[in-house]
Amino acid sequence: MRAPEPDGRDFSRPGAVAYAAEWARAVRRIGFVPLSAAETDRLLLPLTERLAEAVLAPTFSARAAQEVGRTLVEAHLTEPGVLDWSVQALGDRFLPWVLPARAEVPELRERIALVQGGFAAGFARALRDRVFSQQERIARSAWQARDTVEQALRDSEARFRAVFTGAAIGIGIAGVDGQIIDVNQSFADMLGYTVDELRRINVSALFHPDDAAGMWEIYQELIEGKRDSARVEKRYYRKDGSVVWTDLAVSLIRYDDGRPRFTVAMIEDITERYELQQRLRFQALHDPLTGLPNRTLFFETLGEVFGAAGPEQRVGLCFIDLDGFKAVNDSLGHDLGDRLLKVIARRLSDCVSGRGHLVARMGGDEFVILVDSDGGLDDAVEVAELALAAVSAPVHVEDQQLAVSASIGIVECPAAETNVGELMKAADTTLYWAKAEGRGRWAVYDPERSAADIARSALAANLPAALDRGEFVLHYQPIVSLLDGTMVAVEALVRWQHPELGLIGPDRFIGLAEETGLIIRLGAWVLRQACRDAEAWHRAYPDTTPVVSVNLAARQADDPAIVETVAEALQHTGLPAELLQLELTESAVMGSAGEPLRALHQLADLGLRLAIDDFGTGYSNLAYFRRLPIHCVKLAGPFVEGIRGDGADAVADHRDERIVDALVRLAHALELSVTAEAVETEVQAERLRALRCDTGQGRLFGAPMPADAIRTLLR
């Protein structure tokens with residue numbers, strides 16, 4: 001039958017109806033059904049919808065599936081074939097029929113596996129409970145009848161024997177010392193002994209060593225009268241040494257005066273059900289593609305490690321991500337990509353096999369290795385290097401030879417100093433570091449670097465609000481004539497008056513502003529504020545007003561609205577255009593063509609000055625450079641700093657002086673004025689003056705200062 005299409009609900013109502021109808025037909029076909037066809041349909045449709053709601057629930061629980069299984073038993077639909085068909089249909093038909101829109105979602109497939117297990121467990125438990133309650137009532141009635149009704153002793157003995165010998169589940173009677181008094185044939189067959197052999201055995205000889213201690217505690221509480229019954233799932237040894245999983249119910253029978261007399265145990269073989277549950281659990285906790293533990297099992301294991309960790313125990317983690325795996329999928333197809341993942345998963349597992357480390361697939365092309373070792377960071381690094389070597393070996397898939405690499409983030413620290421969430425966050429951060437440093441390598445978590453990254457991220461996040469709150473201020477550094485020492489210009493330098501960190505320099509936030517794109521807004525604010533301050537100086541001191549020089553970032557220079565932004569700033573503030581200079585780096589203008597070049601000419605047409613900052617450090621194209629409407633170049637600070645004149649390195653000092661001389665001559669040949677940055681000493685100023693440098697800027701002439709301080713200098 002073709003699966004119905006969805007109808008817009010969370011699940012397909014027509015699909016649910018079709019699925020329930022098919023379920024009902026299967027139930028009626030398998031065996032006797034004490035319900036009419038209509039009653040069966042009315043029973044199974046709500047159960048189908050309940051299973052769909054459980055699969056789609058935000059927080060998944062298998063409880064609904066268990067209750068559905070129990071409901072079938074309560075409706076007397078207890079044929080074994082009903083369970084087999086229902087579990088099989090959940091895996092084969094439920095998603096495509098009832099949830100066709102989400103049939104391929106991996107999480108829902110994992111949930112379906114858990115729903116299968118929950119359904120089987122609920123069905124088996126309800127069936128067992130019904131049988132046990134019936135058998136236990138009969139057994140108790142038989143013993144009580146023998147003790148309380150002497151006249152009916154023979155009848156009650158006969159009834160008890162009929163139940164005891166004919167019961168489908170095992171029944172055993174033992175003294176308070178554990179010595180077996182009697183068992184029925186089902187008990188003997190279950191364990192592979194004869195009845196006579198079991199009558200000579202103490203129950204302790206049958207216990208599995210992994211749970212013997214716990215069982216003896218329960219048994220001790222029974223014979224001491226602290227409890228009247230107990231119920232557990234436990235293992236027993238068969239006579240041939242094999243293990244049988246059982247559901248065991250033990251009841252204490254007392255004398256009339258309340259003293260313990262003997263115990264009655266009813267035992268059901270649940271080995272097949274247990275193995276089914278184990279298979280379903282394996283499917284739920286392992287990646288279907290690679291067979292490795294999945295993220296659910298990994299986090300369970302990691303939680304157990306933290307739960308059992310002592311004060312000195314350390315935990316290590318290698319978080320692995322394949323480099324460029326998306327390109328493999330996009331170029332060669334997902335099928336080949338899946339095969340590559342299988343090979344990588346097997347290699348990762350093999351390279352740490354025998355060392356006790358857990359290798360899990362986190363999803364996509366991410367893997368993680370939980371390092372189980374007391375060797376500290378050295379062991380974690382060794383595991384990472386083994387993993388890198390395993391991944392980097394060429395992979396042959398069909399007729400393709402693939403070369404892949406991986407980046408690994410390593411975290412190793414005392415368990416007491418972190419938790420699961422913080423550990424995974426640190427691993428993810430460190431993996432990012434490894435990729436940023438070139439890929440194909442590992443990086444170790446550094447708390448100080450992480451704190452710096454967090455602080456940097458916090459600054460980036462606060463930048464927009466800081467601009468809105470007016471937390472940025474401008475300082476101005478004088479630019480003076482090297483000929484007569486007069487202040488001819490000032491450079492506007494932005495600062496962040498942070499409410500908690502104080503005054504922050506541009507080196508800590510300009511890069512963040514460029515990364516986030518806020519540099520456009522921030523640059524526009526700097527331009528307007530610098531023009532306002534310069535206009536105020538011009539009103540007060542029209543004859544000595546310095547040119548105000550404002551830096552333009554590369555993204556500002558590329559902004560199509562840059563000309564309009566500058567024109568509006570001049571218009572709104574009233575500053576004469578000749579008193580404004582815009583500084584751009586070589587990288588922002590060199591090699592550009594089209595719009596950027598036209599924008600520079602349009603800016604020059606406004607009447608303002610244009611300067612190239614950090615001249616000599618870029619990739620100047622002189623032929624192109626001649627086309628730019630530039631008025632000034634500013635020599636990069638390192639060239640000027642090299643002119644120390646202290647005799648420490650005469651060769652380097654002379655070389656830097658020659659470079660500065662060449663740059664000044666080149667600029668003058670292009671009819672450009674030259675400003676030297678980072679002038680710190682009189683010796684540097686004197687040498688620059690001798691090289692015919694026009695103006696200088698640096699600590700020698702004044703540190704960056706507020707606008708009011710510039711006003712004082714002008715006064």
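Evaluating L47 against the criteria (1) in contact with a Gly (Cβ under 8 Å, 6 or more places away or on another chain); (2) at pLDDT 85 or above; (3) surrounded by 17 or more Cβ atoms within 10 Å (Cβ to Cβ) leaves one unmet condition, (1). Among the conditions (1) free of Cβ contacts under 8 Å to residues at least 24 places away in the same chain; (2) among the acidic types (D, E); (3) touching a Pro at 6+ places or on another chain (Cβ under 8 Å), the only one that E312 does not satisfy is (1).
In region 290-328, how many are among the polar types (S, T, N, Q), assigned to a loop (DSSP other than H, G, I, E, B) and either surrounded by 14 or more Cβ atoms within 10 Å (Cβ to Cβ) or touching an Asp or Glu at 6+ places or on another chain (Cβ under 7 Å) (or both)? Total meeting the criteria: 2.
Given the options A434, A451, A427, name the one that is assigned to a helix (DSSP H, G or I) and in contact (Cβ under 8 Å) with a residue 40 or more places away in the chain. Quick ask: steps written out before the conclusion?
On the way: A434 fails: in contact (Cβ under 8 Å) with a residue 40 or more places away in the chain; A451 fails: in contact (Cβ under 8 Å) with a residue 40 or more places away in the chain.
That would be A427, the only listed residue that is assigned to a helix (DSSP H, G or I) and in contact (Cβ under 8 Å) with a residue 40 or more places away in the chain.
Screening region 555-576 for residues that are small (G, A, S) and under 25 Å from A540 (Cβ atoms) and picking the one that is surrounded by the fewest Cβ atoms within 10 Å (Cβ to Cβ) gives G574.
Beta carbons closer than 6 Å, at least 6 apart along the sequence or on distinct chains, pair a first residue in region 268-294 that is polar (S, T, N, Q) with a second that is open to solvent by less than 30 Å² (accessible area, probe 1.4 Å) and part of a loop (DSSP other than H, G, I, E, B) for N294/D287. Residues of region 596-628 that are out of contact with any Lys or Arg (no Cβ under 8 Å at 6 or more places or on another chain), at pLDDT 80 or above and of a type outside the set (D, E, K, R): A599, L600, H601, Q602, L603, A604, L606, G607, L608, L610, L628. Identify, please: which residue in region 673-715 is without any contact (Cβ under 8 Å) to a residue 12 or more places away in the chain and over 56 Å from the mean Cα position of the chain (by Cα) and is, among those, most open to solvent (accessible area, probe 1.4 Å)? The qualifying residue most open to solvent (accessible area, probe 1.4 Å) is E686.
The condition (being part of a strand (DSSP E or B), in contact (Cβ under 8 Å) with a residue 60 or more places away in the chain and aliphatic (A, V, I, L, M)) is satisfied by just one residue among A380, A360: A360.
Considering S331, S349, the condition of being more than 23 Å from Y445 (Cα to Cα) and surrounded by fewer than 14 Cβ atoms within 10 Å (Cβ to Cβ) is satisfied by S331 alone.
Matching residues to (1) within 28 Å of P106 (Cα to Cα); (2) modelled with pLDDT of 85 or more; (3) over 22 Å from the mean Cα position of the chain (by Cα):
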site: D350; (1), (2), (3): yes, yes, yes
site: L370; (1), (2), (3): yes, yes, no
site: S373; (1), (2), (3): no, no, yes
site: V381; (1), (2), (3): no, yes, no
site: A384; (1), (2), (3): no, yes, no
site: A389; (1), (2), (3): no, yes, yes
site: D399; (1), (2), (3): no, no, yes
site: L402; (1), (2), (3): yes, no, yes
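Table: residues versus (1) among the aromatic types (F, W, Y); (2) open to solvent by 80 Å² or more (accessible area, probe 1.4 Å); (3) touching a strand residue (DSSP E or B) at 6+ places or on another chain (Cβ under 9 Å).
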position	(1), (2), (3)
A101	no, yes, no
V105	no, no, no
R109	no, yes, no
A113	no, no, no
G117	no, no, no
A121	no, no, no
R125	no, no, yes
R128	no, no, yes
V131	no, no, yes
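Just one of the numbered conditions (1) open to solvent by less than 30 Å² (accessible area, probe 1.4 Å); (2) over 56 Å from the mean Cα position of the chain (by Cα); (3) modelled with pLDDT under 95 is not true of L670: (1).
Against the condition surrounded by fewer than 15 Cβ atoms within 10 Å (Cβ to Cβ) and not basic (K, R), how does A389 come out, does it pass? Yes; evaluated as a whole, the condition is true for this residue. Taking residues in region 529-554 that are open to solvent by 30 Å² or more (accessible area, probe 1.4 Å), and partners anywhere that are part of a loop (DSSP other than H, G, I, E, B) and polar (S, T, N, Q), the pairs with Cβ atoms closer than 8 Å and at least 6 places apart or on different chains are H538/T545. Taken as a whole, region 61-69 holds at least one residue that is within 30 Å of G364 (Cα to Cα), free of Cβ contacts under 8 Å to residues at least 60 places away in the same chain and either over 32 Å from the mean Cα position of the chain (by Cα) or open to solvent by less than 40 Å² (accessible area, probe 1.4 Å) (or both).
Selection of region 468-484 for residues being among the small types (G, A, S) and in contact (Cβ under 8 Å) with a residue 40 or more places away in the chain yields only S481.
Within region 643-663, how many residues turn out to be part of a loop (DSSP other than H, G, I, E, B) and at pLDDT 80 or above? Full working, then the answer.
First, pick out the residues of region 643-663 that are part of a loop (DSSP other than H, G, I, E, B): 643-649.
In the following step, the residues that additionally are at pLDDT 80 or above were identified as 643.
Residues flagged as part of a loop (DSSP other than H, G, I, E, B) and at pLDDT 80 or above within region 643-663 amount to 1.
Tell me whether region 577-595 contains one or more residues that are open to solvent by 70 Å² or more (accessible area, probe 1.4 Å), modelled with pLDDT of 95 or more and either β-branched (V, I, T) or within 25 Å of T545 (Cα to Cα) (or both). Yes; the residues of region 577-595 include at least one that is open to solvent by 70 Å² or more (accessible area, probe 1.4 Å), modelled with pLDDT of 95 or more and either β-branched (V, I, T) or within 25 Å of T545 (Cα to Cα) (or both).
The values are calculated or read from the model by the stated rules, or taken from the named source; none is laboratory data. As the structure is a prediction and not an experimental result, all values here were calculated from the model. Cβ atoms come from the backbone with ideal geometry, glycine included; neighbour counts cover every protein chain shown. Surface accessibility is based on the protein's heavy atoms, side chains included, excluding ligands, DNA and RNA. Shrake-Rupley method; radii C 1.70, N 1.55, O 1.52, S 1.80 Å.
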